[in-house]
Amino acid sequence: MRKILLFTAFMLMLSLVITAQTNFGLKAGVNHASLYTYINKQSHKIGPMERLHFGASLDVHVSKTVSILTEANFNQLGASDKNSESEITMF
C-alpha cells in the first residue's frame, strides 16, 4: 500500500512538472578565501586559497504565485598551510 501511495505521489508531481513552466539553470564559480588565526596572541594567516563550486537549479512554476525551486550544489572546502613550526590542514 505504501509503494502505491508513493508511486501515485510521484506521478502527480511528474504531471505537475510536465504541465508547468520550468526553468533550468547552471552555475559555476571560484571561492577565494583566507583564514586568520591567533596563536599565543600572534596573528597567523592561512591562505589565500581558491576552490571551485558548481551546481544546477530547477524552478517549476506551479501557478502565477507559487513556484518550487530545487538546487544541487557542490562546494570544495578546506585549507592548508605549512611553516617552519607546524603543518595545518582543515576540512
Review point. So, of the residues in segment 1-22 that are assigned to a helix (DSSP H, G or I), modelled with pLDDT under 65 and of a type in the set (A, V, I, L, M), which turns out to be nearest to the chain's Cα centre (by Cα)?
Key: Val17
Exercise for review: Specify the residue that is farthest from Met13 (Cα to Cα); the eligible residues are those in segment 30-84 that are of a type in the set (Lys, Arg) and at pLDDT below 75.
Suggested key: Lys82
Revision key, fill the gap. The lone condition Lys27 fails out of (1) in contact with a Leu (Cβ under 9 Å, 6 or more places away or on another chain); (2) closer than 26 Å to Met13 by Cα; (3) modelled with pLDDT of 85 or more is (1)
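The values are calculated or read from the model by the stated rules, or taken from the named source; none is laboratory data. In this text the structure is predicted, and so the values were computed from the model without any measurement. All Cβ positions, glycine included, derive from the backbone under ideal geometry; neighbour counts span all protein chains shown.
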